[in-house]
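A single structure is presented below for examination.
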Amino acid sequence: MVASFSEPTLATTLVDRVRADILAGALRPGEKLRLEHLAARYDVGRSPLREACGRLAAEGLVVIEDQRGFRVAPISRKDLFDLTRTRQQIEALALRDSLAHGDLDWEAQVTGALHKLERTSFTTPEEPGALSPAWESAHRALHDALVAACRSAWLHRFRTVLYDQSERYRRLAVEYKCDGHRDVLGEHAALARAALARDVERTCALMTEHVARTTDLVLEAYPSLNP
């Protein structure tokens, strides 16, 4: 009985670890995923790694190469623009439904998430300039809270995939310190205020602009990004 539950737990944990490394840039865009190296890195066998890479391929974070294994999905200007437009549309759909059906618990969730984000350091004390994992977690929690009252499971699934893909690009801009002149907290505070006021059009417009600014910063960091 114990064995029947341990494998799914291992597989899910491994998927989360590899995904986190891809989103953080520890596994770079286009990098070949050599199973022998990953096995040592994560202290697991090759079979669960193949399964994890296959599951991440379904999310678009990994590319399966015929007879050649796996590779981290590459990035490109075309993909970034397509991702940006699609995410803007999906975020707006999810926000509209969330704002229409959010209750007092939802309002408390949004308020609490913003409060935590505003009081979490953007960088780590041990490594000044390095992005804080705690801030990343609080940042995601606020974005998730804004759409938490959306009733569509499919919208939540699509949005999660698009958010993860956007994170890969956003962290590249952060890595090159291209967001230093951006009022990140101000943008999120404005989003939360508009959402809590149930101002649907303003909330959607602010989210569209918020996502577009990230795209602009990525292009600033990577002006020669492949077409």
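Tally up the residues in region 179-221 that are farther than 21 Å from Gly102 by Cβ and among the charged types (D, E, K, R), please.
Here the count works out to 7.
Pairs needed: first member in region 84-95, acidic (Asp, Glu); second member anywhere, part of a helix (DSSP H, G or I) and open to solvent by less than 20 Å² (accessible area, probe 1.4 Å); C-beta distance under 7 Å; at least 6 residues apart or different chains.
Within 7 Å, the pairs are Glu91/Arg159; Glu91/Met207; Glu91/Val211.
Return the residue satisfying two criteria in turn: it lies in region 104-140 and is crowded, with 18+ Cβ neighbours inside 10 Å and modelled with pLDDT of 95 or more, and of such residues it is nearest to Arg171 (Cα to Cα).
Per the stated criteria, the residue is His139.
Only one residue in Arg28, Arg71 is within 22 Å of the chain's Cα centre (by Cα), closer than 24 Å to Arg170 by Cβ, open to solvent by 40 Å² or more (accessible area, probe 1.4 Å) and modelled with pLDDT under 90. Which one? Let's see the steps before the verdict.
Details: Arg71 fails: modelled with pLDDT under 90.
Only one candidate qualifies: Arg28.
In addition: Scan region 220-227 and give yes if some residue there is without any contact (Cβ under 8 Å) to a residue 24 or more places away in the chain and either assigned to a helix (DSSP H, G or I) or open to solvent by less than 10 Å² (accessible area, probe 1.4 Å) (or both), otherwise no. Lay out the reasoning, then the answer.
Step one: filter region 220-227 for residues without any contact (Cβ under 8 Å) to a residue 24 or more places away in the chain, giving 223-224.
Remaining after also requiring either assigned to a helix (DSSP H, G or I) or open to solvent by less than 10 Å² (accessible area, probe 1.4 Å) (or both): none.
No, region 220-227 has no match at all.
Select, from Arg193, Arg202, Arg151, the only residue that is open to solvent by 80 Å² or more (accessible area, probe 1.4 Å), part of a loop (DSSP other than H, G, I, E, B) and not hydrophobic (A, V, I, L, M, F, W, C). Can you show your working first?
Values: Arg193 fails: part of a loop (DSSP other than H, G, I, E, B); Arg202 fails: part of a loop (DSSP other than H, G, I, E, B).
It is Arg151.
So which of Ala39, Ala20, Ala58 ends up being of a type outside the set (Asp, Glu) and exposed (fewer than 12 other Cβ atoms within 10 Å of the Cβ)? Before you say what the answer is, go through the steps one by one.
Working: Ala39 fails: exposed (fewer than 12 other Cβ atoms within 10 Å of the Cβ); Ala20 fails: exposed (fewer than 12 other Cβ atoms within 10 Å of the Cβ).
Result of the check over Ala39, Ala20, Ala58: Ala58.
Please go through region 74-103 and give me each residue that is among the aliphatic types (A, V, I, L, M), over 21 Å from the mean Cα position of the chain (by Cα) and open to solvent by 20 Å² or more (accessible area, probe 1.4 Å), ordered by number. Spell out how you get there, then give the answer.
To start, the set of residues in region 74-103 that are among the aliphatic types (A, V, I, L, M) comprises 75, 80, 83, 90, 92-95, 99-100.
From the residues that got through so far, the ones that are over 21 Å from the mean Cα position of the chain (by Cα) too are 99-100.
Selection gives Ala100 alone.
The values are calculated or read from the model by the stated rules, or taken from the named source; none is laboratory data. These figures come from a predicted structure and were not determined experimentally. Every residue, glycine among them, receives a Cβ derived from its backbone with ideal geometry; neighbour counts consider all protein chains shown. The protein model used for the area step is the full one, side chains on, heavy atoms only, and it has no ligands, DNA or RNA in it. Shrake-Rupley method; radii C 1.70, N 1.55, O 1.52, S 1.80 Å.
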